[in-house]
Amino acid sequence: MNDPSTSSQLYDAMAMRWALPKALMGGTLAMRAAGTRYLPRHPAENSAIYAERASRSVLRNHFRRTVTKLVGRIFAEPLIISEDMPDELVAILRNIDLVGRGLNVFARDWFEDAMVSGLSHVLVDFPAAAGGQSLAEERENGARPYAVHVRADQLIAAQWDSRGGDKVLTQIRVREKALRYHGFEEVEEEQIRVIEPDHWRLYRQDKKGVWQEAEAGENTLGRIPLVTLYTARTGFLQAEPPLEDLAFLNLEHYQIRSDQRNALNVASFPILAASGYNPEIDGPIEVGPNKVLTTSESEGKYYYVESSGAALEAGAKELDALEKAMLLFGLQFETPKERETATGRALDAADALSPLSAMAMNLEDSLNAMLSLFAGWLEMPFIGSIGVSTKSGAAQNSERDLDFLLEARRLGDVSGEELIREAKTRGLLSDSLQVNVAAD
């Protein structure tokens, strides 16, 4: 019998690359839980010493901080709902997932998962018809479509056909967690949802661990209502984590900092050493007030062995270099590099921010694809749109950008028309604003 929980080779290849970014998003506790996978055990380091070192290791989470900052740039301003959108769709967007999340909060979580994994999905679903009611009857009784966030690690397999150059989904399998109650006990059970253009099935494991079909129903939309948001697309339903290099830098920082912390702990305690000491003659060593240390050898002596600190200093320099590298990696998405001329600074600002701009445009396209599925479920014309604010992403209103442009204009490096165009690109001027540009 086929196992619906079997993941595809494409999923497995991507999941290997998601593991580290997702662990970093989980913070110190997730990195500790990963054990030797991300904090290797040194040769000759026994399990007790390793466990003590691991328990003291703390992650400085540059990765999660960068993700949060970049996502915050996109959602610095609320998403824009067009004025011609029907009231019925606007009402849906206020509680888009039927659990109280509005469009902005839902879209932010969707985009954050895509930023970590490279892609993320939304399934636009409709409550299963009860008692033989038709879709129209269900809508009359208040039922309406809703969005389900399908994280990258939940879509374990997909099948599709190529039709006229387009990829059309024929089946998806989604891994879900269901919380069930047995008296006062909570039990989390895994289930697999299989969706095809004309029907869906839900599988759960029986007591013997065999997957059995538990529920099934008709997919009245006639297609698989899945929308995929990409931030680093490599193919259809394929992507790579856009911040993967930063994740490895943060892992290196975590490992070196663990070693540095352990070395500092050892170096902080001088070791008492002795020469010419004979335990059988001189007896046990006692250290403390009013104690005298003697040896049976005339040339014997006691002394403390201390670290010179050279290794600690080298480790500190390495950590500092890594922190600067991580900062620069994040800045390439959001701030320009310094150049000698104002023109160079202004142009480089657009280049540095272009990856985030592309992600913002992909988000806007995906949101409108999701909106069209809502309209499809409601059997209404697709009217209206969702927009990402021009002050988000690369077009963040920035005094620094304005200074660059004004300096470039003063030096004559850009024309008046170029100044206005660049200002509009960065959201410093509205596209609808009429501006008189002096002739050069």
Margin query: For the condition in contact with a Gly (Cβ under 7 Å, 6 or more places away or on another chain), farther than 26 Å from residue 237 by Cβ and touching a residue at least 12 places away in the same chain (Cβ under 8 Å), what is the one hit in 94, 73, 56?
Written below: 73
Margin query: Here is a list: 29, 10. Which entry is outside any loop (DSSP other than H, G, I, E, B) and either without any contact (Cβ under 8 Å) to a residue 60 or more places away in the chain or farther than 26 Å from residue 248 by Cα (or both)?
Written below: 29
Check: Of (1) open to solvent by 40 Å² or more (accessible area, probe 1.4 Å); (2) assigned to a helix (DSSP H, G or I); (3) modelled with pLDDT of 85 or more, residue 137 satisfies all except one. Which?
Finding: (3)
Item checked: Test for residue 66: is it buried (at least 17 other Cβ atoms within 10 Å of the Cβ) and either of a type in the set (Val, Ile, Thr) or not in a helix (DSSP H, G or I) (or both) -> yes
Note to self: Could you check the range 225-265 and list, in sequence order, the residues that are surrounded by 20 or more Cβ atoms within 10 Å (Cβ to Cβ) and among the β-branched types (Val, Ile, Thr)?
What the structure shows: 227, 228, 231
Notebook entry, point to check: Which residue, of 76, 91, 114, 128, is open to solvent by less than 10 Å² (accessible area, probe 1.4 Å) and either touching a strand residue (DSSP E or B) at 6+ places or on another chain (Cβ under 8 Å) or at pLDDT below 95 (or both)?
Noted result: 114
Notebook entry, point to check: Which one of 354, 366 is at pLDDT 85 or above and in a helix (DSSP H, G or I)?
Noted result: 366
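The values are calculated or read from the model by the stated rules, or taken from the named source; none is laboratory data. From a predicted model like this one, the values you see are computed outputs, not experimental measurements. Virtual Cβ from ideal backbone geometry, glycine too; neighbours counted across all protein chains shown. Just the protein is used for accessible areas: all its heavy atoms, side chains included, with ligands, DNA and RNA removed. Shrake-Rupley method; radii C 1.70, N 1.55, O 1.52, S 1.80 Å.
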